[in-house]
Amino acid sequence: MKRLAYLQQESPHWREETDLTRYFVDAAYQSIGPAMCSTPVLAWIAYEHASLWRMLCWMALFWLVEWRLMLVIRKFRRHDTHPLAVYQYYPAIRDCLLASSLLWGSCIWFMAPTQPDRPYEMLLLLWVSGIFALLCIMMAACRDIHVLFFAAFWAFPVFSLLNDGQRLELVALLGVLLYLLSQWRFVRGFRQTLFETVQLKHANQSMMEKLVEMHVQASMKRESLEQNRLALQNALAEGERLLECDALTGCFNQRALRRQLDLYAAASQENGQGWSLSILDLDHFKQVNDTFGHQAGDAVLEQLVHKVCELLPGEMQLYRYGGEEFVVLAPQQPAAALAAVLDAIRQQLASSRWEALPASWQQTISAGVVACQPGDPVNHSLQQADMALYAAKHRGRNRICMASELATPVLQGFSHSS
Ligand SMILES: Nc1nc2c(ncn2[C@@H]2O[C@H](COP(=O)(O)OP(=O)(O)OP(=O)(O)O)[C@@H](O)[C@H]2O)c(=O)[nH]1
């Protein structure tokens, strides 16, 4: 536990260290099979050269240690849930590996020839050196037991060589020392490379995590921007609607009328088809205001819009022109059709009940209808409709008057100012 705390608090590279130790444990686990299989080969080499019981003794000890190593690593693998869990089992794994190294080195003593036998001794030394080279690669991932591992492995060979004191053995010992030095350098370099690789892996991992986080944040920002854009778009559409909407009655206002008139005039010029428009007006509306009050007048205007919109066919639209005057546009419709529709509406309104007015009150409308030809200026058409409306007023109100039915001099006689 002390080691865990130390690693977490002191070592800035504890993750890399943990990973390297994991690799080391994996490599140790994979080495168990080949190590156990290689012992019979060694025994075969040593057979009839070395003492049989010492050889068997060595094999038994070696298998025992490898068996224990396998059990500990398996236990570690079952509990490897935390990045630092490896260190709970590490001491036991390390001890087994040191014992295994000691036994590899000690086979020089355990399997020493019963009679002087130089070739066999050299073969044994060569075997042990080969095993040492393999173990060195495995140990490269784990730095804290290098010295112990070297010492454990070469303790027996060096001791036995020194003990004999023969010249040939001393030369072999020198060679082994040189070999050790070169292995030492190799192991240091190899470990550094491993460490840097693991460091790079962690750097990549944290960069990926940051990228994912940034991606998530960017997506969230994009989403909120999209929501803001939609809200803005809706607000803009609502603003535009309100801009073309009459505040009292809720129908289109003169601004919308002007825009639509230009559109119809342009379309009519393009397709060569005529259309029609009408101005309609409440009769004696001043009297309503004066008798029942301005609020009652407002209610009549609202109700008028409601009633007319209900009765108008879908292709015709109602616009408030100003005051108690309204315009009806009938795209691609002849003036007679519009006049017929308005006349029907007029009759309905004349007999209908007005909420703000007494039941006996008959509220009528008058309208002037004009046929618009392709190329007619819209102001001219409006003026014609206005004149027809005033002709209707002049003729006694509660009627629809067609601009075309009026003789031009007569028509001109009804001007707005008259
Ligand atoms: N309550 C109310 N009255 C309005 C509104 N706009 C205009 N008026 C009134 O409508 C009346 C229009 O009167 P006039 O132009 O003399 O016309 P009229 O009394 O309807 O008579 P004719 O059109 O000749 O039948 C005026 O009294 C205006 O004050 C409005 O938004 N609300």
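The values are calculated or read from the model by the stated rules, or taken from the named source; none is laboratory data. As the structure is a prediction and not an experimental result, all values here were calculated from the model. For neighbour counting, all protein chains shown are included, and Cβ atoms are generated from backbone atoms with ideal geometry for every residue, glycine included.
Within region 250-292, the residues that satisfy the criterion of being in a loop (DSSP other than H, G, I, E, B) and more than 8 Å from the ligand (Cβ to nearest atom) are Gly250, Cys251, Asn253, Gly272, Gln273, Gly274.
Would you confirm, using the coordinates I've provided, whether Leu349 is more than 16 Å from the ligand (Cβ to nearest atom), surrounded by 15 or more Cβ atoms within 10 Å (Cβ to Cβ), among the hydrophobic types (A, V, I, L, M, F, W, C) and in contact (Cβ under 8 Å) with a residue 12 or more places away in the chain? Answer is no for this residue.
Let's see how each residue does on (1) outside the structural domain of Ser276 (by TED's automatic domain parsing); (2) modelled with pLDDT of 95 or more; (3) assigned to a strand (DSSP E or B):
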{"site": "Gln332", "(1), (2), (3)": "no, no, no"}
{"site": "Leu357", "(1), (2), (3)": "no, no, no"}
{"site": "Ser360", "(1), (2), (3)": "no, no, no"}
{"site": "Val369", "(1), (2), (3)": "no, yes, yes"}
{"site": "Pro374", "(1), (2), (3)": "no, no, no"}
{"site": "Asn379", "(1), (2), (3)": "no, no, no"}
{"site": "Ala388", "(1), (2), (3)": "no, yes, no"}
{"site": "Ser418", "(1), (2), (3)": "yes, no, no"}
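Scanning region 396-407 for residues that are more than 10 Å from the ligand (Cβ to nearest atom), surrounded by 14 or more Cβ atoms within 10 Å (Cβ to Cβ) and part of a loop (DSSP other than H, G, I, E, B) turns up Arg399, Leu406. Look at region 284-308: where a residue is more than 16 Å from Ala350 (Cβ to Cβ) and a partner is more than 7 Å from the ligand (Cβ to nearest atom) and among the aliphatic types (A, V, I, L, M), sitting 6+ places away or on another chain with Cβ atoms under 7 Å, you get Phe292/Ala356; Phe292/Leu357; Ala296/Val288; Ala296/Ala356; Ala296/Leu357; Gly297/Val288; Ala299/Ala356; Val305/Leu318.
Listed by first and then second residue, the pairs with beta-carbon distance under 9 Å, at least 6 apart or on different chains, first residue in region 92-116 and not assigned by TED's automatic domain parsing to the domain that holds Glu66, second of a type in the set (A, V, I, L, M), form an empty list. The residue list His306, His294, His284 contains one member that is farther than 30 Å from Asp376 by Cβ and in contact with a Lys or Arg (Cβ under 9 Å, 6 or more places away or on another chain), which is His284. The number of residues in region 293-309 being out of contact with any helix residue (DSSP H, G or I) (no Cβ under 7 Å at 6 or more places or on another chain) and more than 7 Å from the ligand (Cβ to nearest atom) comes to 9. Among helices (runs of 4 or more DSSP H) entirely within region 61-164, having at least 2 residues that are more than 22 Å from Pro40 (Cα to Cα) and modelled with pLDDT of 80 or more singles out 86-110. So, Lys393, is that one away from the ligand (no atom under 16 Å from the Cβ), in a helix (DSSP H, G or I), touching a residue at least 24 places away in the same chain (Cβ under 8 Å) and farther than 30 Å from Glu270 by Cα or not? So Lys393 fails the test. Does Glu324 fit the bill of being within 16 Å of the ligand (Cβ to nearest atom) and in contact with a helix residue (DSSP H, G or I) (Cβ under 7 Å, 6 or more places away or on another chain)? Answer is yes for this residue.
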